[in-house]
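Below you'll find the structure, written out as structure tokens, and then a few comments.
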Amino acid sequence: MNSKALIVTGVVIFLLIVLFPFWYMRGKAAPLPEVELTPKAKAAQKCVRSTEYMRAEHMQLLDVWRDSVVRESKRIYVNPDGKEFNMSLSNTCLDCHSNKAEFCDRCHNFASVRPYCWSCHIENPKEKS
Amino acid sequence: MLELALKGGKKYYGWMTFLMIFVGIGFLLYLRQLDFGLGITGLSRDTSWGFYIANFTFLVGVAAGGVMVVLPYYLHDYKAFGKVTILGEFLAISSVLMCVTFILVDLGQPMRIFNVFLYPTPNSVLFWDTIVLNGYLILNIIIGWNVLEAERNGVHYQSWLKPLIYLSIPWAVSIHTVTAYLYCGLPGRGFWMTAILAPRFLSSAFAAGPALLILCCLIIRRVSNFDPGREQIQSLAKIVAYAICINVFFFLCEVFVAFYSQIPEHMDHFKYLFVGLHGHGAYVPWMWASFILMIVGIILTVVPITRKNEGVLAVACVVIFLGTWIDKGLGMIAGGFTPSPLHEVNEYIPSLPEIGIALGVWAMGFLVLTALFKIAVSVKEETHG
Amino acid sequence: MDSSRRRILQLLGISALAATTKPVLNAFAKEEQAAGAEAVIKAGAKSLKARQWAMVIDTHKFESEADVEPLIEACHKIHNVPKLQNKNHEIKWLWGTHFHNAFPGKAARFLAEEVEHRPFLVLCNHCENPPCVRACPTKATFKRESDGIVFMDFHRCIGCRFCMAACPFGARSFNYRDPRPFIAETNKQFPTRMKGVVEKCNFCAERLAVGQIPACVEVSKGALAFGDLYDPASKVRELIRAHFTIRRKQILGTEPSVYYIV
């Protein structure tokens, strides 16, 4: 009798904890992040690769860029449309997307991703130091 | 069998709590190191390896020393050691755990440790060191656990363990040889560039490891109903005696080579350690203490009257353990880096947080050692009591 | 009793395998796409090429600290090298030192006063047979096939400092703490480093890639020469032919690529 009460209590507490995301938000999902493009990014219309590709694969692309620049000393990326880019996070990506807080951080914070790239790569190349 | 580690008296739990305090302090200090960087240590641009790596090097030796009980029993049928092989194997496990932990706390980017496995580099001795150390750890866990469990159940251990046991013997020699190869293949470090470094590492290992084992045996006899045996302790003491003699002999060979040749670059490192160089001499009293301790250790273990007196033998073991720790730990590392490749003297003194973290690792190692020994001794008490 | 527990574990194992197979295969498929079957990676048109970059330093041109300071400033400024107060934690890619420190064991006796005090520039020698590359357990330090520069991959470095022990020239520095607070003026074109990694001179690889010579050479007013060691027509080969040169710790066989006209 005693054990049954304890076990049921335990199971209830467990379910409460595990189902927390569902009952706390009362069945609604948190709002998806909205990213802002800078005027320069809007004018460019297309990123290094297509938006769907960048959304899914930008980290893999950066890894390829890293190995090419560091290990093979090749710095030019020619995308499938024939456009050339200098393979640099701070000088190419952040040249257009200079609003890290309204662009990169929006999705990263939502997904609880904390890339430490910014420990080394300059996150505000446009600002005066 | 793990439950045997949880059944203990007040003294047992008192000792474990005492160790846990040091582990806790060490852990908190390590969190600070993770946050600030290795700058909280006394390390510098000139001396980039220090107290952590020194303790690592010494403990690889202690781990290898465990083979000194396994070898005579399994290869030469010295039946007396059958009682204590498990103690040697468990000592090896806790020592290797301490080694691996010292490496982890020494890394600047510990979260990237898996890069060593993701990008294997056969030309790097550090890569091989990682492999042999982890291999030795796994070997000893498998062998020790299964042999002890078989003993508890009153059966012979499984036959597939035999080849593993035979493998562990040369493997023990290899872990310390590879660790020595970390140092003796570096072209810019004259103090380490000697063929005798690996033999010296092994000789000091075979003195320090069994010395610690003797101390553990004496303590076990005191606190439990299991007696490792007078004969076993005396045989270990003879091994320690030979090993410490060889260690000091090797050291004197090094001194001769440096000072008879009169080559300044070779002499400078010894001068820095034993008489000071360019006004820096923090290590001088330590090095002389280490030498005296090792000589005292030789006398006490070689002379039969003192060796056979177990009280005096205990003192000898402490003295030898300390002497070899200073020699291989502090002396070898600091001496190798000072003077620097540009012939500058930038003295390295470990900082207090650094010592605190190191103590935490030692405490963790002794925690594991006590738990494992508790299990082994409980099994022996069960089966022979 | 045993067999039913075993049965449950078997079922769990197979379910886990079934549930994870597709996502794992998908992940592998994606990796190939990232490289992009249609994208091309190449070197810049203006990038300078060599089989082995080398440097010749004319030590006669440097008489005092004031002569070497502009070169060190140029290098440290564009590479965001921090200036730390604590000497233990200092980071230096290029610096000046005395003759018997730059060339220990080669100290000549009864040298002229001015030679005793002359600053000798020391830096990473980008050896052809580098012991630091041999030592690195992750290939974070490696010798580039394309141009012979001994380069650092800061993403991969685990901070073990084995390379620092291996370097016979003391050319490497470790970031004992976060360097950013100690960088006076950040060069936004170049990254900083983070705590816990080793760094050293990189022969200005980022400048070579866009057709510029290393910063220290540019500022040296001809005291430093830079070129391909294996191009008989290069400036470095010309100088090595014309003058007697020494290299640091030649006897160790690391084949340093930095030559000193003494």
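To make sure I understand, if each residue's beta carbon is the centre and we count other beta carbons within 10 Å, what order do B:T370, B:T383 fall in, fewest to most? Don't skip to the answer; put the middle values down first.
Values: B:T370 19, B:T383 12.
Ranked by crowding around the Cβ, least crowded first: B:T383, B:T370.
Neighbour counts of other C-beta atoms within 10 Å: give me C:K249, A:K100, C:K22 arranged from fewest to most. Present the calculation step by step, with values, prior to reporting the outcome.
Values: C:K249 20, A:K100 16, C:K22 9.
Ascending Cβ contact count within 10 Å gives the list C:K22, A:K100, C:K249.
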(request) Using only Cα atoms, find the angle between the long axis of helix B:230-261 and the longest principal axis of chain B, and express it within 0 to 90 degrees, rounded to the nearest 10. (result) 10
(request) Return, ordered by residue number, the residues of region A:40-56 whose backbone nitrogen is under 11 Å from a label point located 7 Å along Cα→Cβ of A:T92. (result) A:48-49
(request) For every helix of n ≥ 4 consecutive DSSP H residues, a contribution of -39,500 (n - 2.57) applies; sum these over chain C, divide by its total residues, and give [θ] at 222 nm rounded to the nearest 500 deg cm²/dmol. (result) -9000 deg cm²/dmol
(message) If I fit a long axis through the Cα atoms of helix B:197-223 and take the longest principal axis of the Cα atoms of chain B, what angle between them do I get, 0 to 90°, rounded to 10?
(response) 40
(message) Let's test the formula: R0 of 51 Å, r as the Cβ-Cβ distance of A:A5 and B:N225. What FRET efficiency results, to the nearest 0.05?
(response) 0.70
(request) Just flag the chymotrypsin sites (Phe, Trp or Tyr not before Pro) in region C:64-122 sitting in loop per DSSP whose Cβ has no more than 14 other Cβ atoms within 10 Å. (result) C:F110
(request) Return one number: the angle in degrees, 0 to 90 and rounded to the nearest 10, between the long axis of the Cα atoms of helix C:65-78 and the longest principal axis of the Cα atoms of chain C. (result) 20
(message) Using a 7 Å offset from the Cα along the Cα-to-Cβ direction at both B:H278 and C:V115, what is the distance between the two label points in nm, to one decimal?
(response) 2.1
(request) Starting from the Cα of A:R71, step 7 Å along the direction of its Cβ; do the same at C:N129; then give the gap between the two resulting points in nm. (result) 2.6
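Counting only helical runs of four or more DSSP H residues, what would the 222 nm mean residue ellipticity of chain A come to if each run contributes -39,500 (n - 2.57) and the total is spread over all its residues? Kindly include the intermediate steps, with their values, before the conclusion.
Values: 5 runs with 57 residues, N = 129.
One gets -13500 deg cm²/dmol as the mean residue ellipticity at 222 nm.
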(request) Using only the alpha carbon atoms of chain B, find the Kirkwood hydrodynamic radius as the inverse mean reciprocal pair distance, in angstroms to one decimal. (result) 21.6
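Against the 2.2 N^0.38 Å scaling, with N counting residues, where does chain C land? I'd like the Cα-based Rg ratio to two decimal places.
Numbers: Rg = 24.3 Å, N = 262, 2.2 N^0.38 = 18.3 Å.
Working it through for chain C, the quotient is 1.33.
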(message) For B:M287, B:M193, which order do you get if you count the other beta carbons within 10 Å of each Cβ and list the fewest first?
(response) B:M193, B:M287
(message) For region C:165-247, which trypsin sites (Lys or Arg not before Pro) pass both filters: DSSP loop (anything but H, G, I, E, B) and at most 11 other C-beta atoms within 10 Å?
(response) C:K221
(request) Can you check what the net charge comes to around B:S203, using other residues whose Cβ is under 14 Å from the Cβ of B:S203 (Lys, Arg +1; Asp, Glu -1)? (result) 0
(request) Kindly list the residues of region C:57-101 that lie in the label zone of C:A107, defined by a backbone N under 15 Å from the point 7 Å along the Cα-to-C-beta vector. (result) C:97-101
(message) To the nearest 20 Debye, how big is the dipole of region B:144-282 about its Cα centre, given +1 on the beta carbon of each Lys and Arg and -1 on that of each Asp and Glu?
(response) 200
(request) Pop the C-beta distance of B:F256 and B:W288 into the FRET formula with R0 = 25 Å and round what comes out to the nearest 0.05. (result) 0.85
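I'd like the FRET efficiency for A:K100 and C:N86, computed as 1/(1 + (r/R0)^6) with the beta carbon distance as r and R0 of 25 Å, rounded to 0.05.
Efficiency, rounded to the nearest 0.05: 0.20.
Report the per residue volume, in Å³, of the convex hull enclosing the C-alpha atoms of region A:35-119.
Spread over its residues, the Cα hull of region A:35-119 gives 102 Å³ apiece.
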(message) Shape verdict for the protein assembly as shown, please, from the Cα gyration tensor: rounded (a/c under 1.5), prolate (a/b greater than b/c) or oblate.
(response) oblate
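For region C:28-127, which trypsin sites (Lys or Arg not before Pro) are both in a DSSP coil and crowded by at most 15 other Cβ atoms within 10 Å? Don't skip to the end; give the middle numbers.
Values: sites: C:K30, C:K42, C:K46, C:K49, C:R51, C:K61, C:K77, C:K83, C:K87, C:K92, C:K106, C:R109; in loops: C:K46, C:K49, C:R51, C:K83, C:K92, C:K106, C:R109.
Of the trypsin sites (Lys or Arg not before Pro), the ones in loops of region C:28-127 whose Cβ has at most 15 other Cβ atoms within 10 Å are C:K46, C:K49, C:R51, C:K83, C:K106, C:R109.
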(message) Just to check I understand the Karplus step: with θ = phi - 60° and J = 6.51 cos²θ - 1.76 cosθ + 1.60, what whole-Hz values come out for region C:113-123, glycine and proline as x?
(response) 3, 5, 6, 4, 9, 5, x, 10, 6, 10, 7
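Treating only the Cβ atoms of Lys and Arg (+1) and Asp and Glu (-1) as charged, compute the dipole magnitude of region B:250-385 about its Cα centre; round to the nearest 20 debye. It would help to have the intermediate numbers written out before the result.
Numbers: 6 positive and 10 negative charges, 92 e Å.
In total the dipole reaches around 440 debye.
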(message) Based on alpha-carbon centroids, what's the gap between region B:180-228 and region B:296-340 in Å, whole number please?
(response) 10
(request) Treat each spin label as a single point 7 Å out from the Cα along the C-beta direction, and report the B:Y13 to B:E381 distance in nm. (result) 1.5
(message) Apply the a/c threshold of 1.5 to the C-alpha gyration tensor of region C:77-226 and tell me whether it is rounded, prolate or oblate.
(response) rounded
(message) With +1 on the Cβ of every Lys and Arg and -1 on the Cβ of every Asp and Glu, and nothing else charged, how large is the dipole of region A:35-119 about its Cα centre, in debye rounded to the nearest 20?
(response) 80
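Read the figures in this text as sums done on the coordinates, not as results from a lab. Everything numeric in this text was worked out from a predicted model, so none of it was measured. Quick reminder, even Gly has a Cβ in these numbers, built from the backbone with ideal geometry, and neighbours come from all protein chains shown.
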